[in-house]
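The block underneath contains the structure these notes are about, expressed in structure tokens.
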Amino acid sequence: MQYSYMRNCSNNRAATFSPPVVTIPIVDLSKPDAQALIVKACEDFGFFKVINHGVPMDAISLLEEEATKFFSLPLSDKEKVGLANPFGYGNKRLGYNGDVGWIEYLLLKTNSQHSNTLTLPSDQNSEQFRCALNEYMQAMRKMACEVLELMAEGLKIEERNVLSKLVMDEQSDSAFRVNHYPASNGGGGGDENKNKNKNNTTNMVGFGEHTDPQIISLLRSNNTSGLQIDVGDGNWIPVPPDHSSFFVNVGDSLQVMTNGRFKSVRHRVIVDNGYKSRLSMIYFVGPPLSEKIAPLPSLMLGKESLYKEFTWFEYKNAAYSTRLATNRLIPYEKIAAS
């Protein structure tokens, strides 16, 4: 990560600083330095781009095509899938605590049993959509394991699968989400979703600021901007779109498991006032519900834990009972003795 500041000290005036210029770390999974680069990126700000990931572009393109067909259907047809509770089709409403966004989405479990029972409108080739979903999810699971094993190696953990085994567990509580942010030109969405930027151009809040509660998230989108990450001090920087690569977010659970060494990245999506819609697909890597979340013993080396131990079930329920922007880890932080 690179920060660039410009200072103007002429005429003895107070120094002024420009917003930070951040270079998103790029990790080539085929290179021998991938382990070290992943660890550094997770330590710096919990976010990096992955290339040479091995996911076939055919699988990516097919699912994107099928998802685009689905979201182009009339609302009444899309709702036949079943309204998100939490799995199914959702529109504007994000969770149960008043958060809204300029968005519609499908939220699915990652096991084939759920996706094979997905009821789709007759206007769409249900079997082709299901096959595209299953193929893509399998590729995501494989890539998630590879990233997590490289991460463990980079952390010098002898048990290489200490993290990836949570993904491979039959009870893994992972999830898959397809987000569609319609082109905002033409209005709608309500004033609560609108953001005025410095040029008085109205943008829409597609997905409000938040961290992901899981271990990691694997994200890709079509070639449309909108994703932003918080690099600290309220500085939001845009993530340049790259439809052929993937981005990896550190989640809250991994922050705890590394005892705060890795940082869960705060991010959001702003829909530019334009004519192109954004389609993104996110694979959320979750452990089994009964898994105890605590700093990994191999990373502690006599250090004190910064967090109280909890199960993924407990944290998941607590996380989804709060607003998006809430710092969900605060109740689980240990208060240092004075």
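The values are calculated or read from the model by the stated rules, or taken from the named source; none is laboratory data. Not measured: the values here are computed from a predicted model. Positions of Cβ are backbone-derived with ideal geometry, glycine not excepted, and every protein chain shown enters the neighbour counts. The accessibility values were calculated without ligands, DNA or RNA, using every heavy atom of the protein model including side chains. Shrake-Rupley method; radii C 1.70, N 1.55, O 1.52, S 1.80 Å.
Here is a check on your reading of the model: is Val269 open to solvent by less than 60 Å² (accessible area, probe 1.4 Å) and at pLDDT below 95? So Val269 does not fit the description; no. Restricting attention to segment 59-82, the residues that are of a type in the set (Lys, Arg) and more than 24 Å from Ala139 (Cα to Cα) total 2.
Here's the yes/no breakdown for (1) of a type in the set (Lys, Arg); (2) at pLDDT below 95:
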| position | (1), (2) |
| --- | --- |
| Asn235 | no, yes |
| Leu254 | no, no |
| Asn273 | no, yes |
| Lys303 | yes, yes |
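The set of residues in segment 272-283 being closer than 26 Å to Gly232 by Cβ and open to solvent by less than 30 Å² (accessible area, probe 1.4 Å) consists of Arg278, Ser280, Ile282. Within segment 240-256, if we keep just the residues that are open to solvent by 10 Å² or more (accessible area, probe 1.4 Å) and within 23 Å of Ala175 (Cα to Cα), the residue that is nearest to the chain's Cα centre (by Cα) turns out to be Phe247.
Please specify each residue of segment 320-338 satisfying the condition of being within 19 Å of Thr258 (Cα to Cα) and open to solvent by less than 100 Å² (accessible area, probe 1.4 Å). Residues satisfying the conditions are Asn327, Arg328, Leu329, Ile330, Pro331, Tyr332, Glu333, Ala336.
What residue, among those in segment 48-72 that are among the small types (Gly, Ala, Ser) and either in contact (Cβ under 8 Å) with a residue 12 or more places away in the chain or open to solvent by less than 50 Å² (accessible area, probe 1.4 Å) (or both), is farthest from Ala132 (Cα to Cα)? If we take residues in segment 48-72 being among the small types (Gly, Ala, Ser) and either in contact (Cβ under 8 Å) with a residue 12 or more places away in the chain or open to solvent by less than 50 Å² (accessible area, probe 1.4 Å) (or both), then Gly54 is farthest from Ala132 (Cα to Cα).
Results for (1) modelled with pLDDT under 95; (2) within 19 Å of the chain's Cα centre (by Cα); (3) surrounded by fewer than 20 Cβ atoms within 10 Å (Cβ to Cβ), shown as yes or no for each residue.
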site: Leu107; (1), (2), (3): yes, yes, yes
site: Ser112; (1), (2), (3): yes, no, yes
site: Asn116; (1), (2), (3): yes, no, yes
site: Ser122; (1), (2), (3): yes, no, yes
site: Glu127; (1), (2), (3): yes, no, yes
site: Leu133; (1), (2), (3): yes, yes, no
site: Gln138; (1), (2), (3): yes, yes, yes
site: Glu146; (1), (2), (3): no, yes, yes
site: Ala152; (1), (2), (3): no, no, no
